[in-house]
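The values are calculated or read from the model by the stated rules, or taken from the named source; none is laboratory data. Quick caveat, the model's predicted, so the values are computed rather than measured. Backbone-built Cβ (ideal geometry, glycine too); neighbour counts: all protein chains shown. Remember, those area values only see protein heavy atoms, side chains included, never the ligands or the DNA or RNA. Shrake-Rupley method; radii C 1.70, N 1.55, O 1.52, S 1.80 Å.
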Amino acid sequence: MRHLTKRAGSGRAAALTCAGLVAVLALLSGCTGAATFTEGKSPRAPGDTISVTPEDGAKGIGRTDPVEVSVPDGRLERVTVTRIEDAQPAELPGELSDDGRTWTPKSGARVALAAKYSVDAVAVDGAGRRSARHTTFTTAVPTDRFIGYFSPENRSTVGTGMIISFDFNRKIRDRAAVQRAISVSADPPVEIAGHWFGDQRLDFRPREYWEPGTAVTIALALRDVQAAPGVFGIQDKTIGFTVGRSQVSLVDAEKHTMEVRRDGDLVSTLPITAGAPKSTTYNGKMVVTELYDVTRMDGRTVGFGGEYDIKDVPHAIRLTTSGTFLHGNYWADSDTFGSENVSHGCVGLRDVKGGGAETPAGWFFDRTLIGDVVEVVNSRDRTVAPDNGLGGWNLDWNRWKAGSALH
């Protein structure tokens, strides 16, 4: 299903160029701390057509609780419900109703416990207009157990900027015990250190970006490890991923350009538009965490009211949890790219409605991996926070290691 293109392992896990994702992408926010996307130049599709149960971000879902995707009219073009952030990602088998308006699991199919699921749906209305939605939910975990949802996916191939990230479903009181039970190794060998962001997130990375071709192994020995009084781990597994080629892209907000370098060589300089003066783009190093060939962005989710609601934003590449995207833009004049900054904080590339493979946005999207780095310079904004998405490369090595529970 192209709506899930290149999630390189379902890691965890947006003015002209950036829109907040309504329930379209998990952890909806603006493109810069509270900003997202554009003046409403695009034609509007009908209202909130795609309904998903459980609701976005729901927790503690039981095995017999309903899972359903529906639209009041038109038809569902694609629906995928997938267990993510697990050693063995698996799709929940489902089927469409005869009228194409409702998706439900097949008879006997149930969600797994202690798991995280993504729901991705694309609908088409009677006029042929597409609308997309992405949500996530987590299933019940026994009250005396904890689990870590991790990215990237097992057996994925990722970019050289990938940071291994664990989100725990409960507060970790004994961080040292939990960190000690997670072993991260690389071939060829390189020093890897952990860093805690609060009491529910633990990230790992090397001093510099991974070398292309590196094989990374993560061994979880969390079963029966006590994280807090009376709370014990349940995971005992080994997962891994491979580092692909190096691709680092440099966005210059003053020059309105993005230089794309592959294995150190400049392969293209693309014209872009970045955040407008009142909604600037973060500076700093950001890591690609999700890719969608089409998604919805809605200003109401990030404090922009009804200023925009674009249901078919093409070639959307997530850079931060708070909502910074690099995405295709078909509604701005072509001479905007390379000359003006007009977005609400995201980075925009010229595109066409429906997404064109030969446009700058399509070209870049098709050459991007989860884990690739996009660095923004010369924007009149602060540096992105290290825990906003996989922003840990904005901490120097000493500060990174200082966040470890093992000293």
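Residue under question is ARG130, and the condition is that it be modelled with pLDDT under 95 and either touching a Lys or Arg at 6+ places or on another chain (Cβ under 8 Å) or surrounded by fewer than 21 Cβ atoms within 10 Å (Cβ to Cβ) (or both); does it hold?
yes
Can you tell me which of (1) in contact with a His (Cβ under 7 Å, 6 or more places away or on another chain); (2) part of a loop (DSSP other than H, G, I, E, B); (3) on the phi > 0 side of the Ramachandran plot is the one HIS315 doesn't meet?
Only one criterion is unmet by HIS315, namely (2).
Test of understanding: among THR160, THR143, THR104, which residue is in a loop (DSSP other than H, G, I, E, B), polar (S, T, N, Q) and at pLDDT 95 or above?
Result of the check over THR160, THR143, THR104: THR160.
Being more than 19 Å from the chain's Cα centre (by Cα) and at pLDDT 95 or above is true for just one of GLU340, GLU307. Which residue is that?
Details: GLU307 fails: at pLDDT 95 or above.
Matching residue, one of GLU340, GLU307: GLU340.
Open to solvent by 10 Å² or more (accessible area, probe 1.4 Å) and part of a loop (DSSP other than H, G, I, E, B) - does that describe any residue in the stretch 264-271?
yes
Can you tell me which residue among ASP199, ASP203 is assigned to a strand (DSSP E or B) and either in contact with a His (Cβ under 8 Å, 6 or more places away or on another chain) or within 25 Å of ASN388 (Cβ to Cβ) (or both)?
The match here is ASP203.
Answer with yes or no whether VAL313 is crowded, with 23+ Cβ neighbours inside 10 Å and either in contact with a helix residue (DSSP H, G or I) (Cβ under 7 Å, 6 or more places away or on another chain) or farther than 14 Å from VAL251 by Cβ (or both).
yes
Tally time: how many residues in the stretch 272-301 are among the β-branched types (Val, Ile, Thr) and open to solvent by 10 Å² or more (accessible area, probe 1.4 Å)?
So the count comes out to 3.
Within the set of pairs 6+ apart or on separate chains, which have a first residue in the stretch 73-91 that is more than 13 Å from ALA114 (Cβ to Cβ) and basic (Lys, Arg), a second that is open to solvent by 50 Å² or more (accessible area, probe 1.4 Å) and part of a loop (DSSP other than H, G, I, E, B), and C-beta atoms under 7 Å apart?
Within 7 Å, the pairs are ARG75/ARG101; ARG78/MET1.
Condition first: open to solvent by 10 Å² or more (accessible area, probe 1.4 Å), closer than 21 Å to PRO152 by Cβ and assigned to a loop (DSSP other than H, G, I, E, B). Now tell me which residues in the stretch 107-121 satisfy that.
Answer for the stretch 107-121, where residues must be open to solvent by 10 Å² or more (accessible area, probe 1.4 Å), closer than 21 Å to PRO152 by Cβ and assigned to a loop (DSSP other than H, G, I, E, B): ALA112, ALA114.
How many residues, within the stretch 364-389, are under 19 Å from GLU153 (Cα atoms), crowded, with 24+ Cβ neighbours inside 10 Å and not charged (D, E, K, R)?
Going through the stretch 364-389 one residue at a time, the tally reaches 3.
Within the group LYS171, LYS116, which residue is modelled with pLDDT under 95 and closer than 27 Å to LEU395 by Cβ?
LYS116
Within the stretch 64-80, take every residue that is open to solvent by 70 Å² or more (accessible area, probe 1.4 Å) and touching a Ser or Thr at 6+ places or on another chain (Cβ under 7 Å) and give me the one that is nearest to MET297 (Cα to Cα).
That would be PRO72.
Just checking, does the stretch 216-231 include any residue being under 23 Å from LYS285 (Cα atoms) and either touching a strand residue (DSSP E or B) at 6+ places or on another chain (Cβ under 8 Å) or open to solvent by 40 Å² or more (accessible area, probe 1.4 Å) (or both)? Full working, then the answer.
Initial filter on the stretch 216-231 (under 23 Å from LYS285 (Cα atoms)): 216.
Within this subset, residues satisfying the condition of being either touching a strand residue (DSSP E or B) at 6+ places or on another chain (Cβ under 8 Å) or open to solvent by 40 Å² or more (accessible area, probe 1.4 Å) (or both) are 216.
For the stretch 216-231, residues under 23 Å from LYS285 (Cα atoms) and either touching a strand residue (DSSP E or B) at 6+ places or on another chain (Cβ under 8 Å) or open to solvent by 40 Å² or more (accessible area, probe 1.4 Å) (or both): present.
Determine whether the stretch 394-405 contains at least one residue that is of a type in the set (Ser, Thr, Tyr), over 24 Å from the mean Cα position of the chain (by Cα) and either within 18 Å of HIS327 (Cα to Cα) or modelled with pLDDT of 95 or more (or both).
Looking through the stretch 394-405, at least one residue is of a type in the set (Ser, Thr, Tyr), over 24 Å from the mean Cα position of the chain (by Cα) and either within 18 Å of HIS327 (Cα to Cα) or modelled with pLDDT of 95 or more (or both).
Among the residues that make up the stretch 233-249, is at least one of them outside any strand (DSSP E or B) and open to solvent by less than 20 Å² (accessible area, probe 1.4 Å)?
yes
Can you work out which of the residues in the stretch 320-354 that are hydrophobic (A, V, I, L, M, F, W, C) and in a loop (DSSP other than H, G, I, E, B) is farthest from ARG382 (Cα to Cα)?
VAL352
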